[in-house]
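Below is one structure, written out as structure tokens; comments come after it.
The values are calculated or read from the model by the stated rules, or taken from the named source; none is laboratory data. Note that this is a predicted model, so its numbers are computed, not measured. Because the Cβ atoms are built from the backbone with ideal geometry, glycine has one as well, and the counts that use them run over all protein chains shown. Accessible surface is based on the protein model in full, side chains and every heavy atom, while ligands, DNA and RNA are left aside. Shrake-Rupley method; radii C 1.70, N 1.55, O 1.52, S 1.80 Å.
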Amino acid sequence: MKQATSELQETKPNILIVDDRRENLLATEKVLKYLDVVIFKASSGNEALSLMLRHQFALVLLDVQMPEMDGFETAMLMQEHEQMRGTPIIFVTAISKEEKYATQAAEIGAVDYIFKPINPEILRSKVKVYLDLYVQHQQILKLNEHLRQSNEELERFAYICSHDMQEPVRMMNGYAEMVVGRYDALLDEDGKKYLQFIASNAKHLQKMIRDILHFSRVGREAAEKETVNCQEVIREILNEFAGEIAEKKVEVICGDLPTIETYPTLIHVLLQNLMGNALKFHDGSTIPKVEIKAEKQANDWLFSVRDNGIGIDLRYKDKVFAIFQRLHRREDYPGTGIGLSTCKKFIELYGGKIWFESALGKGTVFYFTIPQ
């Protein structure tokens, strides 16, 4: 980050002075030469436009009264061009002192309107304000780019590490199960317990690796919208959890879910994680109940997954969607702490939102939106 900032500071910002009279160009250049800038000069609107096509400027000082193309016309052409649009313009004039000219300048997009003869101190102070803003903006752009690259490198690292870790963990889990199967009768209670610990932790590590891989893939792989029957998606997910639903005697209420144009993986990841959490975070004091609904809004579909589980302490609401953050011991409620962070990353990438409401001991309802 420090290197990025120092590299940026080494590049001086450019200023463009536009005036049809050479003596005015030289006088303005003399006023500004003590600033840490590179000064370009143009004697006409056409020359100014040509320079702006080839260079990036922090500020343009533009004379109003010029032959062929005056300052107002030049500024309007600048605003019409994407590369020039947004460059601050300060109009400089000797005769157009009526209020209507200042108003016109503001409508075109000028940031200031000053009169000749120019007060050197005032001009320098005004120019310095916009130079500082420009430098800060460039620093932010540069740092954002470095941050984006760092995030991509981190995600690639997570993907590679997770991918390479899968095989040894799978082997560890497989051999632990083989020992249990073949030598169970020869092991005492402690031996059986230790092998169960190995197998249980190997399975947990496998799930964590899969979740990290899933998280690292979000946004890195191309996705195309398809027609998705959400009723079929939830039917598949309920089949995945069929054993747990039957064992806990869970009451599942599913509304009439829509068929929408969206990303199939997005819907599956969201409903799978939210359904899994609804089944997991329940203390068994009541009959578990999960309700899944969707309703059409003005610009999106609003989905909800409601449970009557243990609820979430709202003091920790900022941790719920943070990766690897857990609110409970793994011994009480197993998991990796990645599922909800994947949901949030995934849905925000595709223009939706996710949030929740909860009360301790009464349950939680998660909401998410899918843009129409």
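When the chain is fully extended, how far beyond the present Cα-Cα distance does LEU147 get from PHE197, taking 0.36 nm per residue of separation?
Between LEU147 and PHE197, full extension yields an extra 14.0 nm.
Relative to the present Cα-Cα distance, how much length would full extension add between ARG182 and VAL38 at 0.36 nm per residue of separation?
43.9 nm
Report the charge-dipole magnitude of the stretch 235-286 in Debye, nearest 20, computed about the Cα centre from +1 at each Lys and Arg Cβ and -1 at each Asp and Glu Cβ.
100
At a Förster radius of 51 Å, what calculated FRET efficiency corresponds to the Cβ-Cβ distance of ALA27 and LEU349, to the nearest 0.05? All intermediate terms of the calculation are to be shown ahead of the outcome.
Numbers: r = 54 Å, r/R0 = 1.05.
So, using R0 = 51 Å, E works out to roughly 0.45.
Let's test the formula: R0 of 51 Å, r as the Cβ-Cβ distance of LYS280 and VAL129. What FRET efficiency results, to the nearest 0.05?
0.35
Taking H as built 1.01 Å from N, whose amide H comes closer than 5 Å to the amide H of LYS353, not counting residues under 5 places away?
When sequence neighbours closer than 5 places are left aside, the close amide H contacts are THR369.
If you roll a 1.4 Å probe over the heavy atoms of the protein chains, what accessible area per residue do you get for the stretch 227-293, in Å²? Kindly include the intermediate steps, with their values, before the conclusion.
Values: 3340 Å² over 67 residues.
Per-residue accessible area for the stretch 227-293 comes out at 50 Å².
What residues qualify as long-range amide H neighbours of LYS41, i.e. H under 5 Å apart, gap of 5 or more or another chain, H built at 1.01 Å from N?
ILE17
Roughly how big is the stretch 35-97's charge dipole about its Cα centre, with Cβ charges of +1 (Lys, Arg) and -1 (Asp, Glu), in debye to the nearest 20?
140
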